[in-house]
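Colleague: Could you have a look at this structure, given as structure tokens, before my questions?
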Amino acid sequence: DGGITQSPKYLFRKEGQNVTLSCEQNLNHDAMYWYRQDPGQGLRLIYYSQIVNDFQKGDIAEGYSVSREKKESFPLTVTSAQKNPTAFYLCASSMIGLAGVDNEQFFGPGTRLTVL
Amino acid sequence: AQSVSQHNHHVILSEAASLELGCNYSYGGTVNLFWYVQYPGQHLQLLLKYFSGDPLVKGIKGFEAEFIKSKFSFNLRKPSVQWSDTAEYFCAVIVSGSARQLTFGSGTQLTVLP
């Protein structure tokens with residue numbers, strides 16, 4: 001089946017620890033994205049990448065880091081510098097559209113991170 | 001930077017009632033508009049999208065939305081809701097030709113009573 005997988009589904013970590021969330025897609029999409037979802041705030045963009053070995057900060061990048069070594073993978077690290085990391089994290093991917101045409105983003109099932 | 005406003009945080013309806021969820025955005029240029037839905041325990045999925053052409057867009061499961069450029073609005077409608085429509089609904093916008101950052105509204109939780 002084609003799609004986006006995120007692991008783990010639930011993740012617990014102690015304060016002060018870094019943790020990496022996995023995101024893999026087999027849709028052959030060029031672009032990948034990380035969002036954070038908090039109750040009553042919708043989804044906010046953390047980082048995105050349109051090509052391997054390149055990525056850009058979104059609206060709330062502080063305390064997070066990413067890498068894009070392979071087209072199908074876009075892991076997110078939540079560092080100890082992130083002040084309020086407990087949230088639901090969603091990964092998405094999309095094609096890069098032709099000029100003037102944007103493409104639908106497909107979402108993974110999400111990872112719920114809880115900091116104890 | 002563009003922003004998206006969803007005015008209703010929680011809507012409660014009885015089955016067969018009509019639905020309209022408001023969405024307004026704040027950008028004067030060309031935009032692409034989306035409605036996503038998140039059913040309990042499921043992936044966020046696309047309901048419908050508007051890129052160009054007919055401003056009345058039909059999506060899955062009987063939903064539709066109308067793009068009114070003069071009002072910067074993209075309201076979601078369904079003439080008769082079902083219990084299975086209980087979910088959270090998100091409006092989102094991309095500035096056409098931008099770096100493809102989707103900006104989401106804060107979401108509307110719809111509860112349909114049987």
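Colleague: Got a sec? How would A:36, A:13 order by Cβ neighbour count within 10 Å, fewest to most? Intermediate results must be reported in sequence, preceding the final value.
Modeller: Values: A:36 24, A:13 16.
Arranged by neighbour count, lowest to highest, A:36, A:13 become A:13, A:36.
Colleague: Roughly how crowded by other chains is peptide A:49-55, in terms of the mean Cβ count from those chains within 10 Å of each of its Cβ atoms?
Modeller: Working: counts 0, 2, 0, 0, 0, 0, 0.
For peptide A:49-55, the averaged partner shielding equals 0.
Colleague: Using just the C-alpha positions of the range B:21-98 as equal point scatterers, what log10 of I(q)/I(0) does the Debye formula give at each q in 0.13, 0.18 1/Å?
Modeller: With one equal scatterer per Cα and no solvent, log10 I(q)/I(0) is -0.38, -0.71.
Colleague: Continuing with this model, one more query. Taking only the Cα atoms of the protein assembly as shown, how large is their convex hull per residue, in Å³? Provide the component values of the computation, followed by the final result.
Modeller: On the way: hull volume 29.1 nm³, N = 230.
Enclosed volume per residue, from the Cα hull, is 127 Å³.
Colleague: Separate question: Quick one: work out Rg over Rh on the C-alpha atoms of chain A, Rh as Kirkwood radius.
Modeller: On the way: Rg = 13.7 Å, Rh = 14.3 Å.
The Rg/Rh ratio comes out at 0.96.
Colleague: Can you list the HN-Hα couplings for the range A:103-116, worked out from phi with the Karplus curve (6.51, -1.76, 1.60; θ = phi - 60°), rounded to whole Hz and with x for Gly and Pro?
Modeller: Once θ is set to phi - 60°, the couplings for the range A:103-116 become 10, 4, 9, 9, 10, x, x, x, 10, 9, 9, 10, 9, 8 Hz.
Colleague: Find the all-direction average of the projected area of the Cα convex hull for the range A:11-72, expressing the result in square nanometres with one decimal place. If you can, show how the numbers build up before the last one.
Modeller: Values: hull surface 20.6 nm².
Across all orientations, the range A:11-72 yields a mean hull projection of 5.1 nm².
Colleague: Given points 7 Å out from each Cα along the Cα-Cβ axis, report the residue A:59 to residue B:113 separation in nanometres with one decimal.
Modeller: About 3.3 nm, to one decimal.
Colleague: Too long at a 29 Å Cα-Cα cut-off: which of A:9/B:58; A:9/A:70; B:49/B:71; A:57/B:58; A:9/A:57; A:14/A:57?
Modeller: Working: A:9/B:58 33 Å; A:9/A:70 22 Å; B:49/B:71 18 Å; A:57/B:58 33 Å; A:9/A:57 24 Å; A:14/A:57 25 Å.
Correct reply: A:9/B:58; A:57/B:58.
Colleague: Of the residues B:58, B:49, B:71, which exhibits the maximal mean-square fluctuation in a Gaussian network model of chain B defined by a 10 Å Cα contact cut-off?
Modeller: B:71
Colleague: What list do you get for B:19, A:76, B:56 if you sort them by fewest beta carbons within 10 Å?
Modeller: With the sparsest Cβ surroundings first, the list reads B:56, B:19, A:76.
Colleague: Taking the Cβ of each residue in B:103, A:86 as the centre, tally the other Cβ atoms inside 10 Å and list the residues starting with the fewest. List each step's numbers first, then the result.
Modeller: Details: B:103 23, A:86 14.
The most exposed by this proxy come first: A:86, B:103.
Read-outs: derived from the displayed coordinates by stated rules, not from any lab. Treat the numbers as computed from the prediction; the structure is a model and nothing was measured. A quick note on method: Cβ atoms are made from the backbone with ideal geometry, for glycine too, and the neighbour counts reach across all protein chains shown.
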